[in-house]
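Novice: Encoded as structure tokens, here's the structure I'll be asking about.
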Amino acid sequence: GKIDGDEAVIRISDNGAGISQERILYILSKDSDRIGLSNINQRLKLLYGEAYGLKIVSAVGQGTEVIFRFPKSSLEL
């Protein structure tokens, strides 16, 4: 993770099989069977606005990266 301006960014990546763009859209949708990722994305957007949430970047056969973005100020106690 790192601080990028006013945002906190956490990146998780692998070099696995990758995910198609259609599957990524489904995973992040409200109708997803991947309740955890969809729920995290929706909660981040609800708490901090549409600019924040999860982003999944993937290339089939090359791997996947999941990026969490949220305001840096939410880390302050």
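Novice: In the stretch 13-28, what residues are surrounded by 11 or more Cβ atoms within 10 Å (Cβ to Cβ) and either in a loop (DSSP other than H, G, I, E, B) or of a type in the set (A, V, I, L, M, F, W, C) (or both)?
Specialist: Across the stretch 13-28, the qualifying residues are GLY16, ALA17, GLY18, ILE19, SER20, ILE24, LEU25, ILE27, LEU28.
Novice: Among residues belonging to the stretch 1-12 that are in a strand (DSSP E or B) and touching a residue at least 40 places away in the same chain (Cβ under 8 Å), point out the one that is most open to solvent (accessible area, probe 1.4 Å).
Specialist: Residue satisfying both the conditions and the ranking: ARG11.
Novice: Now for a different question. For the stretch 44-51, does any single residue satisfy the condition of being surrounded by 11 or more Cβ atoms within 10 Å (Cβ to Cβ), in contact with a strand residue (DSSP E or B) (Cβ under 7 Å, 6 or more places away or on another chain), of a type outside the set (Phe, Trp, Tyr) and not in a loop (DSSP other than H, G, I, E, B)?
Specialist: Yes, because at least one residue in the stretch 44-51 is surrounded by 11 or more Cβ atoms within 10 Å (Cβ to Cβ), in contact with a strand residue (DSSP E or B) (Cβ under 7 Å, 6 or more places away or on another chain), of a type outside the set (Phe, Trp, Tyr) and not in a loop (DSSP other than H, G, I, E, B).
Novice: Could you please find all residues in the stretch 29-43 being free of Cβ contacts under 8 Å to residues at least 12 places away in the same chain, loosely packed, with under 12 Cβ neighbours inside 10 Å and either among the polar types (S, T, N, Q) or not in a helix (DSSP H, G or I) (or both)?
Specialist: ASP31, ASP33
The values are calculated or read from the model by the stated rules, or taken from the named source; none is laboratory data. Remember, predicted model here, so these are calculated numbers, not experimental data. FYI the Cβ positions are ideal-geometry reconstructions off the backbone, even for glycines, and counts take in every protein chain you see. Note: areas computed on protein heavy atoms with side chains; ligands, DNA, RNA excluded. Shrake-Rupley method; radii C 1.70, N 1.55, O 1.52, S 1.80 Å.
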